[in-house]
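Presented below is the structure to which this report refers.
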Amino acid sequence: MASGLEKCLSLIGFSLICLKMVASAKTAPEIPTINQAYSKISNSITVEWATVPGATSYLLTAEDGDTVIETMVANSPGTVTGLKAATLYTITIKSISAMGRSQESPPKQAKTVLAAPVLEVSCPSPDSILVQWEAVYMAIGFSVSIMQANGLGTIWKENTTNTSLTFTSLDAGTLYTIKAYAWNANGIPGDDSTCNQRTIACAPGRVTIQENPPGHLSVAWSSVDLGDYYVAFVKSDDGLEVHCNTSLTQCNFLSECGFTYFISVFAYNKAGQSPLGDVFNYTTAPCCPTDINPVLVSSDTVEIVWSPVRGAELYETKAVDGYNVVECNDTAPACTLSALECDTKYNITVYSFSEVRGSNTSCTSQFITTAPCSPEIKNVSKDALSIINVHWQATNDDATYTVTAKGEKGLYRCSSTGESCTMEGLPCGSVFSVTAVAETQAGQSLPSHSVPLETGPCCPASLTVTQVTQSVINVSWISGLVAQTYVTVLESHTGQSKCHTHQNHCLLGCITCGANYTLVLKAISATGLTADCAYQSYSSSACCPLGVKLYRLGPNGIRVYWQASRGSANYSTDLYGSKGIFTCAPTTGLSFCDVTEIPCGDVYTVMVSPVAETGLKLTFCPKKIYSVTCSGSTLGMVIYRGKRNAE
């Protein structure tokens with residue numbers, strides 16, 4: 001049952017198809033036949049066919065395997081657009097009428113031509129034009145032509161396989177039309193590109209660059225034919241760029257020290273910018289050091305330091321005193337100027353230097369005065385009052401001089417603005433080193449050469465005079481510091497007695513008894529320095545009496561008689577016996593005295609001595625020996641037994 005139904009339905013369908021085909025054959029227009037299909041533009045193909053009676057329009061179809069593009073046209077020829085360049089398409093066509101569409105025509109293949117090269121045109125020089133383009137798909141060569149845009153003159157045409165071409169020997173400032181197209185392996189040309197380009201004005205020449213004054217850069221150039229205006233570009237080596245737009249032939253720019261500037265100038269007109277001319281570079285002078293700090297390290301040396309500055313490859317430091325120049329060159333930002341004159345005003349300048357620009361001569365100066373010169377000690381002397389006088393040669397202006405005596409006993413100083421000063425209170429027996437320095441507002445000089453100073457020897461602490469005999473005295477003392485020898489002088493109107501010894505005592509003879517003397521003691525050091533230590537008066541003792549005799553006064557009495565010496569003196573009489581010592585003193589003005597109750601029958605030593613004002617009895621007078629006998633007479637004999645030296 002079902003099988004029969006299916007067969008019935010199939011028969012009905014087939015019948016309907018046949019009826020449709022019969023109806024279409026009666027109403028649709030004829031199928032057109034393509035005569036030719038070709039491409040003249042890279043995005044289209046033109047199709048030519050024979051006209052179909054009754055057709056009111058035609059449907060063109062182009063298919064490349066990926067896309068299908070349809071275009072409705074009224075009649076032959078018709079063009080399909082929107083295609084890809086250098087691509088093979090299959091072309092078909094249908095005719096259309098009010099009754100419907102025909103079947104597709106037999107296909108025809110056609111290939112679109114090459115795309116037009118995209119031109120970039122520039123003028124490398126006033127008489128040339130450079131034409132550049134990118135590679136074109138499927139192209140194996142290019143044709144480029146150029147002619148004046150006004151149609152005058154000659155047409156130049158060049159074929160090339162490259163992607164650039166330069167036309168030379170053109171007229172400057174002239175508008176040219178450039179046309180170019182590519183061709184494929186079959187020699188079929190593609191689309192062409194057309195553009196206009198004017199040759200430019202020349203790049204400005206005779207460019208001059210000046211920096212005057214420093215910090216102002218002036219750029220000038222010669223005028224250019226066909227140039228309407230100019231632009232100057234200035235780029236520093238730190239990347240900053242500025243420019244100036246002017247119709248004149250000069251521009252001014254602010255500049256900084258220590259930079260290199262790269263300068264280029266372009267001329268402009270309606271054709272655009274001139275080609276790049278020479279690029280100039282100008283290096284400004286290196287910057288000047290600003291934080292200069294001179295320091296005096298001695299009277300003839302200045303040490304200078306500063307911070308490094310931009311653009312400086314070397315620093316040149318000069319010190320000028322008006323006549324002489326002291327300089328040093330170094331790559332480091334420091335300099336030591338030595339061998340300067342002391343107490344001199346110098347003009348010090350630090351110049352920065354670069355190999356390109358040389359020295360920056362606009363650097364400012366500083367004035368510095370060196371420390372004073374060292375004084376020269378001419379003489380060190382000592383006066384009678386042990387005051388030390390120091391004399392020097394002064395060569396500085398407005399200087400104060402300080403003298404220092406340095407020794408084991410301490411420091412002693414004196415100051416003066418002149419050429420000498422005095423020191424007091426230096427201890428005796430000492431050695432000092434004496435130096436002098438000068439000081440001004442600029443500083444202090446180096447010390448002078450030292451001069452040795454030896455003070456005189458110290459005087460003895462005490463002086464003792466002892467009368468040894470009537471004509472000899474002994475002077476003794478406690479030795480003083482550094483004294484090597486002593487000179488003792490006893491002097492009066494009658495003469496002088498002198499003793500030179502290295503001991504601490506001295507005997508002086510030939511003394512006149514009962515005379516007034518002046519005693520002088522001098523201490524002498526090993527180097528010959530002398531200290532006058534003692535001045536005192538001394539009176540020698542009274543002279544010993546002469547003619548001493550004894551007379552018996554009764555059984556137990558003796559009268560001692562003598563002859564007084566010159567000058568007034570008091571005397572004392574001593575009798576030394578085995579039974580005792582017996583003394584008597586005369587009444588003032590008398591030259592005898594009596595000793596009572598003296599035993600007889602004994603031998604006596606008798607000495608009559610002057611008595612000093614202090615009451616001291618002198619013991620150096622001669623002694624005599626007497627024998628006193630015992631007889632019945634009251635005037636018994638006193639027998640002289642001899643003379644005895646004073647003990």
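Observations, loosely collected:
- Count of the stretch 273-305 residues which are modelled with pLDDT under 85 and part of a strand (DSSP E or B): 2
- Residue match in the stretch 528-543 (condition: surrounded by 15 or more Cβ atoms within 10 Å (Cβ to Cβ), under 19 Å from Lys624 (Cα atoms) and modelled with pLDDT of 85 or more): yes
- Among residues of the stretch 322-379, those that are assigned to a strand (DSSP E or B), in contact (Cβ under 8 Å) with a residue 60 or more places away in the chain, within 17 Å of Leu446 (Cβ to Cβ) and open to solvent by less than 80 Å² (accessible area, probe 1.4 Å), counted: 2
- Single unsatisfied condition, His502 versus (1) open to solvent by 20 Å² or more (accessible area, probe 1.4 Å); (2) at pLDDT below 90: (2)
- Of the residues making up the stretch 392-408, just one is surrounded by fewer than 16 Cβ atoms within 10 Å (Cβ to Cβ), more than 14 Å from Pro452 (Cα to Cα) and either of a type in the set (Phe, Trp, Tyr) or free of Cβ contacts under 8 Å to residues at least 40 places away in the same chain (or both), namely Gln393.
- Residues in the stretch 194-208 that are buried (at least 17 other Cβ atoms within 10 Å of the Cβ) and either β-branched (Val, Ile, Thr) or modelled with pLDDT of 90 or more (or both): Thr199, Ile200, Val207.
- Scanning the stretch 287-301 for residues that are of a type in the set (S, T, N, Q) and under 21 Å from Tyr351 (Cβ atoms), we see that the one that is most open to solvent (accessible area, probe 1.4 Å) is Thr290.
- Those residues of the stretch 466-484 which are more than 19 Å from Cys544 (Cβ to Cβ) and either modelled with pLDDT under 90 or of a type outside the set (Val, Ile, Thr) (or both), in sequence order: Ser476, Trp477, Ile478, Ser479, Gly480, Leu481, Val482, Ala483, Gln484
- Counting the residues of the stretch 438-465 that are under 30 Å from Ser540 (Cα atoms) and either of a type outside the set (S, T, N, Q) or surrounded by 16 or more Cβ atoms within 10 Å (Cβ to Cβ) (or both) gives 7.
- Residue check for Gly258: open to solvent by less than 50 Å² (accessible area, probe 1.4 Å) and at pLDDT 90 or above: yes
- One residue from Ser145, Ser105, Ser164 being at pLDDT 90 or above, more than 26 Å from Leu83 (Cα to Cα), open to solvent by less than 80 Å² (accessible area, probe 1.4 Å) and in contact with a Ser or Thr (Cβ under 9 Å, 6 or more places away or on another chain): Ser145
- Residue satisfying all of: in the stretch 180-211; closer than 15 Å to Ala115 by Cβ and of a type in the set (Asp, Glu); farthest from the chain's Cα centre (by Cα) among these: Asp191
- Some residue of the stretch 559-576 being within 16 Å of Gln467 (Cβ to Cβ) and open to solvent by 70 Å² or more (accessible area, probe 1.4 Å): yes
- Any chance Asp300 is out of contact with any strand residue (DSSP E or B) (no Cβ under 7 Å at 6 or more places or on another chain), farther than 30 Å from Leu340 by Cβ and among the charged types (D, E, K, R): no
- Residues satisfying the stated conditions in the stretch 214-234, i.e. in a strand (DSSP E or B) and free of Cβ contacts under 8 Å to residues at least 60 places away in the same chain: His216, Ser218, Val219, Ala220, Tyr229, Tyr230, Val231, Ala232, Phe233, Val234
- Residue-level check: of (1) modelled with pLDDT under 80; (2) over 30 Å from Ala515 (Cα atoms), Gly589 misses just (2).
- Ser223 being under 19 Å from Asp278 (Cα atoms) and at pLDDT below 90: yes
- Considering the stretch 61-179, the qualifying strands (runs of 3 or more DSSP E), each wholly inside and each with 1 or more residues that are under 60 Å from the mean Cα position of the chain (by Cα), run over 119-125, 128-133.
The values are calculated or read from the model by the stated rules, or taken from the named source; none is laboratory data. The structure displayed is predicted, hence computed values, not measured ones. All Cβ positions, glycine included, derive from the backbone under ideal geometry; neighbour counts span all protein chains shown. For accessibility, only protein heavy atoms count, side chains too; no ligands or nucleic acids. Shrake-Rupley method; radii C 1.70, N 1.55, O 1.52, S 1.80 Å.
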